[in-house]
1. Could you work out how much longer the chain between Leu110 and Glu53 gets when fully extended? Use 0.36 nm per residue separation minus the Cα distance between them, nm to one decimal.
2. Could you pull out the longest piece of the chain with no exposed loop trypsin sites (Lys or Arg not before Pro) in it, calling a site exposed if DSSP puts it outside H, G, I, E, B and it has at most 13 other Cβ atoms within 10 Å?
3. Taking the Cβ of Leu127 as the centre, find all other residues whose Cβ is under 11 Å away and add up their charges (Lys, Arg: +1; Asp, Glu: -1).
4. For n ≥ 4 DSSP H runs only, could you compute -39500 (n - 2.57) per run for the chain, divide by its residues and tell me the 222 nm figure to the nearest 500?
5. Tell me, what is the percent relative contact order of the chain, built from C-alpha pairs under 8 Å that lie six or more residues apart?
6. Over the residues of the stretch 1-71, compute the C-alpha Rg and express it relative to 2.2 N^0.38 Å.
7. With the cut-off at 1.5 for a/c, could you classify the chain from its C-alpha gyration tensor as rounded, prolate or oblate?
8. Checking the cross-link filter: which lysines have an alpha carbon closer than 17 Å to that of Lys90, excluding same-chain neighbours under 8 positions apart?
Amino acid sequence: MGAAQEMGAVVAPLVGPSSILLALMASGMNGQQFAFAGYLPIDNQQRIKAIKELEAESKRKDSTQIFIETPYRNNQMLETLVKTCLPSTKICVAVNITGPDEVIKTLTALQWRHQVPDLHKKPAIFLLKA
């Protein structure tokens with residue numbers, strides 16, 4: 001019995017879109033093998049280490065790694081991804097999913113270096129596939 005049930009509340013899942021799964025579907029990346037890592041560390045050195053570990057895991061398992069960041073740190077996240085990942089690693093940035101200004105774009109780390117968008121304060125999901 002879950003904590004909510006112990007308190008007399010009923011918790012039931014509702015059918016509807018999950019921005020994480022919508023981003024995965026639109027990314028063109030492996031939807032058969034994927035993992036959601038949540039938020040990566042804030043500390044830059046720890047973040048770089050986490051990205052390298054996700055990239056290695058993606059390569060080892062042929063999987064897509066999915067993670068998120070707070071909207072005011074999105075630009076730093078993409079900058080760190082582009083600098084840290086191998087040039088051939090695919091990175092998808094999914095911004096404002098289902099919104100009128102939705103953008104979902106998958107490029108290699110090398111390609112992102114030449115066209116870095118402004119993601120500041122926009123809800124985004126990041127996907128990585130080595």
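No lab work stands behind these numbers, since they all come straight from the coordinates. Just so we're clear, the structure is a prediction, and the values are computed from it rather than from any experiment. Cβ atoms come from the backbone with ideal geometry, glycine included; neighbour counts cover every protein chain shown.
1. On the way: separation 57, 0.36 × 57 = 20.52 nm, distance 1.90 nm.
Computed gain between Leu110 and Glu53 is 18.6 nm.
2. Values: sites that count: Arg113, Lys121.
Free of exposed loop sites, the longest segment is 1-112.
3. Values: positive: Lys90, Lys105, Lys129; negative: none.
Here the charged neighbours net out to +3.
4. Details: 5 runs with 46 residues, N = 130.
So the helix-based figure for the chain works out to -10000 deg cm²/dmol.
5. Details: 208 pairs, mean separation 38.5, N = 130.
Worked out over the chain, it gives 30 percent.
6. On the way: Rg = 16.3 Å, N = 71, 2.2 N^0.38 = 11.1 Å.
My calculation over the Cα atoms of the stretch 1-71 gives 1.46.
7. Details: a/c = 1.75, a/b = 1.58, b/c = 1.11.
It comes out prolate by the Cα gyration axes.
8. Lys90 reaches Lys52, Lys59, Lys61, Lys105, Lys129.
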